[in-house]
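A short write-up of the structure that comes next.
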Amino acid sequence: MGTIAKKPYIMPALSEYAEVAARLRVDSVSLRYQSPKGETFTALDQVSFEVPDQQFAVIVGPSGCGKSSLLYLTAGLNEPSDGAIYVGGQKVEGPGSDRGMVFQGYTLFPWLTVRQNIEFGLKRRGLESSEINTIVEFYLAEVGLKKFSEHYPKQLSGGMMQRVAIARALANDPQILLMDEPFGALDSQTRLQMQQLLLRVWGNSKKTVVFVTHDIDEAILLADRIYVMGARPGRIKEILDVPIERPRNLEVVMEPEFIRMKRQILELLHDDLEEVH
Ligand SMILES: Nc1ncnc2c1ncn2[C@@H]1O[C@H](COP(=O)(O)OP(=O)(O)OP(=O)(O)O)[C@@H](O)[C@H]1O
Ligand SMILES: [Mg+2]
């Protein structure tokens, strides 16, 4: 046909990534656990990748491949056995408010109201109360919870609690937002609503996000780039750019490009399951 063959999954705009500083750099990270019998188990083996600034990175992979371990290491809640993780060029050496976290289990403080949960980190950082108010009002509106600001977590639905968790994490203006299956416990309808909300909020904040999910549709809908992991030992198998334009809505699941990517990811995950059995 005379056309030059292009590399799959790379849009022209993505070539600019190389010039953008990596917000997250995972450098040859291995993680080993000692079993009670004294055997060594390698949860992560020499994992290296970068997430450019303002990117939405999604990690998928079979259960037990080390997705949560990787996020915990990035959060500074655990230390790698080898290698290092850098956020904004700084080596991770412990937890810090520069990394916002939204995990599956509802992690709000039950004794604080929605507003108090969102302002918690801001107060600890010693911001002026007028500034805190402005930030809290902004994020309450972003996640559609203005009317629920004085409610306690037990008075909210699961989806609402995760919206508070997202607002709380973003209110601290972190360098990076780490999300571990944040919608995993929600029913499918609420999950779809949350995905759309997250797309909108992320579009406004343009934070760098690392999002872990089991749900391939969710991964393709949200991601700029998908990191497919393999298990035993946990490692990055493939990195795929998602060539679907933004803004995206739930109808993208019908697009040929979406279906093609879904098939490719399923095949990669299927290979891994065959390796296990
Ligand atoms: N504290 C620990 N001690 C020993 N082994 C652990 C520990 N934490 C995790 N592991 C093991 O490390 C591996 C990776 O666990 P991890 O929770 O990171 O997987 P995952 O990819 O998040 O899985 P899932 O999709 O089921 O959430 C698993 O085999 C797990 O059993
Ligand atoms: Mg996990």
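Read the figures in this text as sums done on the coordinates, not as results from a lab. Since the structure is predicted, the reported quantities are computational estimates derived from the model, not experimental observations. When we count neighbours, we look across all protein chains shown, and the Cβ atoms used for this are built from the backbone with ideal geometry, even at glycine.
Filtered by the rule that a residue be closer than 15 Å to I176 by Cα, among the aromatic types (F, W, Y) and within 13 Å of ligand 1 (Cβ to nearest atom), the stretch 25-82 gives a lone residue, Y72.
Starting from residues that are without any contact (Cβ under 8 Å) to a residue 24 or more places away in the chain and not in a strand (DSSP E or B), keep the ones in the stretch 65-93 and report whichever is farthest from I236 (Cα to Cα). Step by step, filter the stretch 65-93, then rank; the result is E93. Comparison of L140, L122, L108 shows that the only residue that is in a loop (DSSP other than H, G, I, E, B) and surrounded by 17 or more Cβ atoms within 10 Å (Cβ to Cβ) is L108. Here F211 qualifies as among the aromatic types (F, W, Y) and in a strand (DSSP E or B).
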